[in-house]
Structures are given as structure tokens and as C-alpha cells.
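Undergrad: Below: one structure in C-alpha cells.
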Amino acid sequence: MDSTRRARVALALVAGLVGLGTTGAQAWPGTRSPTGSMAAARSGHEATLLQDGRVLVTGGGARGEPTAEVYDPETGSWNVTAPLPERTLGHTATLLADGRVLVAGGFGDTGETASAALYDPAAGTWTQTAPMSVERDGHAAALLADGRVLVAGGDSRTQAGEPVVRNTSAEIYDPATGTWTVTGSMAVARRDHSATLLPDGKVLVAGGWFPTNVAELYDPVTGAWTTTGSTTTRRHRHSAIALDDGRVLVVGGGRTVRGTPVGVAELYDPSTGVWTRTGWFPRDAAPETATLLPDGKVVAVRAPGAIVFDPASDRWSATTGIPAALDGFTATALHDGSVLVAGGRTSAFDEVALASLVHLAAQPFPVTLTVDRTGTGRGKVRSLVPGIRCGRKCEAFYVHGAFVRLKADPRPGSRFVGWRGSCQDPNGDVCKMVLDSSVTVTARFKDRR
């Protein structure tokens with residue numbers, strides 16, 4: 001992931017997740033333990049949960065590792081398997097209906113590649129299959145309901161030294177024939193986007209670089225794309241999780257070339273085509289990656305903390321800290337509900353082979369702080385402990401007894417008038433409070449004219 005992100009003190013990160021207060025030591029439920037290390041240090045790799053419960057890790061690294069290895073949760077060990085046909089980074093790895101894994105594209109020894117290969121977990125071997133119609137790096141792939149694989153977007157370059165072409169094109173791989181077929185093109189060229197299968201068989205594509213809020217739907221019956229509701233914020237390199245109720249949760253990612261983290265999670269409702277926000281994160285605690293748990297919840301990870309989203313209540317909860325690298329790691333939910341965190345890169349940009357197994361135990365946040373804005377003027381309210389940052393109504397979740405300070409920042413042409421609500425010690429533009437219960441605070445701004 002992006003090298004400009006910097007580590008913060010562990011307490012500040014864990015306490016900052018969705019506005020968690022920093023007063024006092026917080027005991028996080030759940031357990032974590034190191035497990036066997038990978039044979040190769042890597043970041044930006046792909047981790048694929050196999051049908052038998054093992055995890056296949058492929059590629060990654062600064063130049064793209066040609067190696068692959070398999071984690072066995074029964075023994076807690078990694079086993080090197082047959083190497084990939086070529087080095088690759090920025091590829092996709094898709095579990096097929098028959099249990100094999102399709103690895104397609106990526107960046108290798110000669111730049112962007114169109115090659116594709118199939119991994120057979122039973123035999124532990126790779127077989128090259130037909131290449132894609134164009135080279136692709138940073139593309140997205142989705143397994144269709146009929147067992148085929150849709151691949152869309154990404155960067156192409158036919159010869160070294162030539163400019164990179166960002167693709168709108170898409171194609172479909174048929175495992176029965178081992179061939180690719182070009183299909184309709186997207187309206188927006190993109191890379192580092194997401195592709196998510198919906199219950200009706202369509203595929204939702206969202207985000208991507210250059211950061212865009214345009215989302216599109218692919219219909220495999222007609223081979224055509226249509227635009228749907230736009231996301232509430234632009235992002236790339238994010239996670240998009242298909243929930244059991246049919247909605248899609250999008251979390252994490254960056255909004256700039258340097259990867260400035262996106263601190264907003266949002267939900268897409270296929271029945272309405274509308275996106276809604278569902279959680280705010282301080283910039284330094286925005287999740288790095290997310291994965292669906294067997295119970296239908298979603299765990300979002302950014303070292304050294306993790307949070308869990310419950311679709312039944314649309315609320316986030318705290319869980320155990322996760323000993324992961326700064327970025328570039330993978331988090332894979334295993335069949336028993338634990339999460340395998342593997343690889344990544346430290347703040348010194350060193351890639352690691354470490355892996356940890358995390359057993360989650362979520363604890364709901366008991367206190368909600370709601371901040372609203374009124375008046376004829378304009379301005380924002382932010383918390384000096386991360387959590388609140390909004391120009392209109394927003395909320396954050398805190399542990400009981402947390403001490404929070406809010407600061408009102410008027411826009412040019414406006415002035416701050418005062419606070420209403422549960423400020424226990426208002427002093428000018430600063431509101432102080434100890435959260436013994438869920439409260440609402442309103443900031444009033446007035447136009448100077």
C-alpha cells in the first residue's frame with residue numbers, strides 16, 4: 001500500500017478507532033498469538049481462502065515475488081508450494097467454483113502482464129492458461145454466479161518505455177474452456193478499484209484511481225455496464241465486502257496519490273442504488289483492509305487495532321489489537337472465525353514474513369457522542385481526541401467515562417456563537433465533557449454580514 005502513511009503510538013491508534021477516548025487503560029477483549037512465519041517476506045500480496053480451509057498466498061514484494069505458499073490452520077504452519085510461472089505484483093487471485101485459483105495479470109519482470117495461471121490445491125501445482133486480451137496491473141476481478149470470472153480495468157503497457165494506458169475494458173474468463181472473451185467496457189477508466197458480486201448476479205465496481213466516486217454495474221446477461229449511485233467519497237485501494245443481506249460495505253483506501261486515508265465507511269443498497277455513510281474514522285486509524293467473517297460481520301484492520309461491523313445494527317465495535325505491519329498486509333477470515341494477518345511492511349519500509357492468528361471478541365461501544373451545527377453561518381467541529389470531524393451532523397462512539405474536547409472552527413465570513421447541549425465546561429470555541437452517557441452537542445455559527 002502507500003508508503004507515506006506513518007505509524008502512531010499504539011494507544012493513540014487503538015483509542016482513536018471510531019473516536020475511542022484515551023482516558024485510562026482500555027482492556028481489549030479477544031486473544032491473539034503469533035503463528036508460523038511465511039517463508040518469504042512480502043507486502044502487497046494476495047491471500048486466498050481455499051475450500052479446504054487453508055490459505056494460499058501469492059506474489060507481492062517490491063519486485064513481485066514468484067513464490068507461493070500455503071498456510072494450514074490445523075498445524076499453524078506454512079508450506080512452500082510450486083512457484084508462480086512468473087513474478088507478479090498487483091495481480092488478482094480468484095477462487096473458482098471447482099476449488100482452483102485463477103491468478104491473472106500484475107506487474108512482473110517485463111512490466112504489466114496479460115498472463116494467467118491456475119493453481120490446483122490438491123496437486124500443489126500451477127498450470128498456465130490463456131492470457132488476457134491486454135496487459136493489466138491494478139485491475140479488479142469478481143467470480144460470477146455462473147462460475148466465470150470478470151476482470152475489469154487496470155493499467156496496460158504493450159512495450160517497455162511506452163506510456164501506461166488506464167483501461168475501461170473488461171473481459172471474462174471461462175474455466176470450462178480456459179479462454180477469455182472481451183465484454184462491454186466501463187464508462188470510467190480506473191485501477192485499484194473494487195468489483196463485488198451482488199445477489200442478482202450483477203457486479204458492482206466502485207472507486208479506483210484517479211479517485212472517482214462514479215460506481216457502475218455490470219450485467220453478465222447483456223454484457224453491458226450502467227452507472228449507479230455515486231459513492232459519498234472518492235477512494236482507491238479500498239475493501240468492498242458483500243454482506244449477507246445483499247448490501248455492500250466499502251471501507252478504507254486512500255484519496256490521493258500519496259494514499260491519504262479515507263476515514264469514512266459507506267454502504268451500497270442494490271435495491272435503491274444509493275450509498276449511505278456508516279462510520280467515521282480518524283485519518284491515522286482508517287482501516288487498511290477488511291474481510292467478511294463466517295457469522296456475517298466484517299472485521300476491518302489497521303495495525304495495531306481492529307474493529308467489527310455488525311450489519312444487523314449497522315454499528316461498529318472494538319475488538320482485540322492486531323500485531324500487524326504498518327501496511328501492505330492481508331487479513332483473511334478462516335472457517336473457525338479467527339483472522340490470519342500475514343506479511344506487510346513496517347514504517348521503515350521493510351517487508352516482513354510474520355503472521356498472527358487473531359481470535360476476535362467484539363465489545364460494543366456503550367456511549368455515543370452526536371454533534372450538530374445550527375445557525376446562519378458555516379463552520380466545522382472537530383474533537384481534539386480524534387473521532388469527530390464534520391461540517392454538519394455526525395457521531396462517534398466512545399468508551400464510558402472518556403474525556404473529550406470539541407473545538408469549533410468557523411469558516412471565513414462566519415463566527416462561532418456558542419455551544420448548546422451537554423458541554424460540562426464550555427470555554428469559548430472549546431467544549432469539554434466526560435461521557436457518562438450518550439449525549440448531543442450543538443455548535444452555533446452566525447454569518448458576519
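The values are calculated or read from the model by the stated rules, or taken from the named source; none is laboratory data. These figures come from a predicted structure and were not determined experimentally. Quick reminder, even Gly has a Cβ in these numbers, built from the backbone with ideal geometry, and neighbours come from all protein chains shown. Ligands, DNA and RNA are stripped out before the accessible areas are found, and what is left, the full protein with its side chains, is counted by its heavy atoms. Shrake-Rupley method; radii C 1.70, N 1.55, O 1.52, S 1.80 Å.
Undergrad: Being under 30 Å from Thr75 (Cα atoms), at pLDDT 75 or above and either open to solvent by 50 Å² or more (accessible area, probe 1.4 Å) or in contact with a His (Cβ under 9 Å, 6 or more places away or on another chain) (or both), is that true of even one residue in region 358-380?
TA: yes
Undergrad: Continuing with the same structure: Can you say whether Asp314 is on the phi < 0 side of the Ramachandran plot, out of contact with any Cys (no Cβ under 6 Å at 6 or more places or on another chain) and either open to solvent by 40 Å² or more (accessible area, probe 1.4 Å) or modelled with pLDDT under 90 (or both), as far as the supplied structure shows?
TA: Numbers: on the phi < 0 side of the Ramachandran plot: no; out of contact with any Cys (no Cβ under 6 Å at 6 or more places or on another chain): yes; either open to solvent by 40 Å² or more (accessible area, probe 1.4 Å) or modelled with pLDDT under 90 (or both): yes.
When the stated conditions are applied, Asp314 does not pass them.
Undergrad: Answer yes or no as to whether Asp200 is closer than 30 Å to Thr129 by Cα and surrounded by 20 or more Cβ atoms within 10 Å (Cβ to Cβ).
TA: Details: closer than 30 Å to Thr129 by Cα: yes; surrounded by 20 or more Cβ atoms within 10 Å (Cβ to Cβ): no.
Criteria not met by Asp200.
Undergrad: Output the residues belonging to region 208-239 that are open to solvent by 30 Å² or more (accessible area, probe 1.4 Å) and of a type in the set (A, V, I, L, M, F, W, C).
TA: Of everything in region 208-239, those that are open to solvent by 30 Å² or more (accessible area, probe 1.4 Å) and of a type in the set (A, V, I, L, M, F, W, C) turn out to be Trp209, Phe210, Val214, Val221, Ala224, Trp225.
Undergrad: Shifting gears a bit: Is there a residue being open to solvent by 20 Å² or more (accessible area, probe 1.4 Å), touching a Pro at 6+ places or on another chain (Cβ under 9 Å) and without any contact (Cβ under 8 Å) to a residue 60 or more places away in the chain anywhere in region 154-175?
TA: yes
Undergrad: Applying the selection to region 394-429, what residues are in contact (Cβ under 8 Å) with a residue 40 or more places away in the chain, among the aliphatic types (A, V, I, L, M) and within 15 Å of Val371 (Cα to Cα)?
TA: Correct list: Ala396, Val404.
Undergrad: Oh, and also: Criterion first (crowded, with 22+ Cβ neighbours inside 10 Å and either of a type in the set (Val, Ile, Thr) or touching a residue at least 60 places away in the same chain (Cβ under 8 Å) (or both)) does Val205 satisfy it? Explain how you work it out, then say what you get.
TA: Values: crowded, with 22+ Cβ neighbours inside 10 Å: yes; either of a type in the set (Val, Ile, Thr) or touching a residue at least 60 places away in the same chain (Cβ under 8 Å) (or both): yes.
For Val205, the condition - crowded, with 22+ Cβ neighbours inside 10 Å and either of a type in the set (Val, Ile, Thr) or touching a residue at least 60 places away in the same chain (Cβ under 8 Å) (or both) - is met.
Yes/no per residue for (1) at pLDDT 95 or above; (2) of a type in the set (Ser, Thr, Tyr):
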| residue | (1), (2) |
| --- | --- |
| Gly99 | yes, no |
| Phe107 | no, no |
| Ala116 | yes, no |
| Pro121 | yes, no |
| Gly124 | yes, no |
| Thr129 | yes, yes |
| Ala142 | yes, no |
| Arg148 | yes, no |
| Gly153 | yes, no |
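Undergrad: Filter region 93-118 for residues that are under 19 Å from Ala40 (Cα atoms) and not in a loop (DSSP other than H, G, I, E, B); which is most open to solvent (accessible area, probe 1.4 Å)?
TA: It comes out as Phe107.
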